[in-house]
1. Give the shape of region B:1-50 as rounded, prolate or oblate, defined through the alpha-carbon gyration tensor: a ≥ b ≥ c are the square roots of its eigenvalues, a/c under 1.5 means rounded, and otherwise the shape is prolate if a/b is larger than b/c and oblate if not.
2. Report the gain in length on full extension from residue B:178 to residue B:88: 0.36 nm times residue separation, minus Cα-Cα distance, nm rounded to one decimal.
3. Can you classify region B:96-226 as rounded, prolate or oblate using the Cα gyration tensor, where a ≥ b ≥ c are the square roots of its eigenvalues, rounded means a/c under 1.5, and otherwise it's prolate if a/b beats b/c and oblate if not?
4. Over all residues in B:180-188, what is the mean tally of Cβ atoms on other chains that come within 10 Å of each residue's Cβ?
5. What is the log10 of I(q)/I(0) for region A:69-174, computed with the Debye formula using one identical point scatterer on each Cα and no solvent, at q = 0.11, 0.23, 0.24 Å⁻¹?
6. Considering every residue in B:32-44, what mean count of other chain Cβ atoms within 10 Å of its Cβ is obtained?
7. Report the full-extension gain for the segment residue B:205 to residue B:68: residue separation times 0.36 nm, less the Cα-Cα distance, to one decimal in nm.
8. In square nanometres, what is the average projected area of the Cα convex hull of the protein assembly as shown?
Amino acid sequence: MNWPQFWQYTAANALLGIVPAVAGLAISIPVGIACVRWRWLYGPVLSATSIIYAIPSLALFVVLIAYTGLSNLTVIIPLTLFSLCVLVPNVVDGLRSVPEPVRQAATAMGFGTIRRLVQVELPLAVPIVIAGLRVAVVSSISLASVSGLIGVASLGYFFIDGLQRNFNEEIYAAIVAVIVLALACDLILVLARWLLTPWSRKPGGRATANAEGAQLLQEQSA
Amino acid sequence: MSFFSFAWNWLQSSSQWHGAGGIPIRVLQHLGYTGLSLLVAALIALPAGVLIGHFGRGGFLVVNLANAWRAIPTLGLLILMVSLLGFSVLAWLIPLVVLAIPPILVNAYEGVAAVDRDLKDAARGMGMTDWQVLRKVEIPVALPLIMLGLRTGAIFVVATATIAAEIGLGGLGRYIIDGLATNNYGEVAGGAALVVVLALLIQFAFVGLRRLVVPTPLRAMARADN
């Protein structure tokens, strides 16, 4: 077992999985905001993302080889597109989950549209957005290993190599590494949600959405 | 030449459409892998998701477990199965079933768990037994989400069944893997295009199926929701 190469490809796999989830989030937030602001936009956007999702990852990698060669972009672009299918609906649902009374209270406190969006609506949407981000990052780390088939460095290389050399330990190690990598990212996101939503971890269990909003507004005005 | 012209040229050559390795046979094989995997996954995940949603216990576990479950790399599992079991049906069936379980399970669970309490109370008040509430109220109300889970699972499997060709199986992945191995870009592009078309047809089939099985008032509700 070539351990230096193994760690190097593990890091490559992590990059190929995390970058698409982050890029997908960066695209989904403005798209989601637009879909909430202009309701008619949501239907077509939803159809487009689910059609993209129907394309096999391997097929999309192969299509992109013609344009981006065997670079990381060949893997990152398709995985970013896939992540939109999970992230856009979650951003929209998250923004819509903000209760109307909280929105009105923020307006009454003198928040303008932009400030209300950034300081009240987006923070309250964090739990639902992070739920989507967890699915996106775990899926893309797992899917990134498929790029071993087209010869891009990732943990998938060891699946193919293990098969060709009849070396099962290599396959086991790579599968475990993919799972551990994905679960580590998942855990970081759970932690991030905890850090980003201080109002939701007050003693006494789950507060109602209205109470959470009130708590947030109180902290903001303090 | 672009991807599309490569694909188009390859698809136009009539030799692709005949014989054992021809497109019609490969499409049927691909649908066979997809159908069987989806069936087995549904038989496992639907009852589990519906029951957990009904009893309202273990929901937290289901959502987190399903997310961890998605981390299992299908290609790696497929190759591992081949090296452990040889080229048997189980070698490709297990990874594809594993792939399809999370969306089916989570959607069935969330669909049933989200049924309005008042609705269930009303059903009980009308004299329905627990089993009748599940069968006549909870499952029909959860059907839009259950169908969404099945559709997502089907799309996962139809797209991923391509990698089964890596272990020497048929299906549309054959063209992609063989084309890659022989540097025949036209074959790769043609195979990829066929998978996309098949996946889109399955999406449309599920839209039709949803129309067929979801009760009309619920369809109207789901539309108002969007």
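The values are calculated or read from the model by the stated rules, or taken from the named source; none is laboratory data. Owing to the predicted nature of the structure, the values given are computational and were not obtained by experimental measurement. In this analysis, Cβ positions are derived from the backbone assuming ideal geometry, glycine residues included, and neighbour counts consider all displayed protein chains. Surface areas here come from the heavy atoms of the whole protein model, side chains and all, with no ligands, DNA or RNA. Shrake-Rupley method; radii C 1.70, N 1.55, O 1.52, S 1.80 Å.
1. Oblate, since a/c reaches 1.5 and b/c is not below a/b.
2. Working it through step by step, the gained length comes to 30.3 nm.
3. It comes out prolate by the Cα gyration axes.
4. Mean inter-chain Cβ contacts per residue within 10 Å come to 2.
5. Debye intensities relative to I(0), on a log10 scale: -0.54, -1.10, -1.14.
6. 0
7. Separation in residues times 0.36 nm, less the Cα-Cα distance, equals 46.4 nm.
8. Computing the convex hull of the Cα atoms and averaging its projections yields 24.5 nm².
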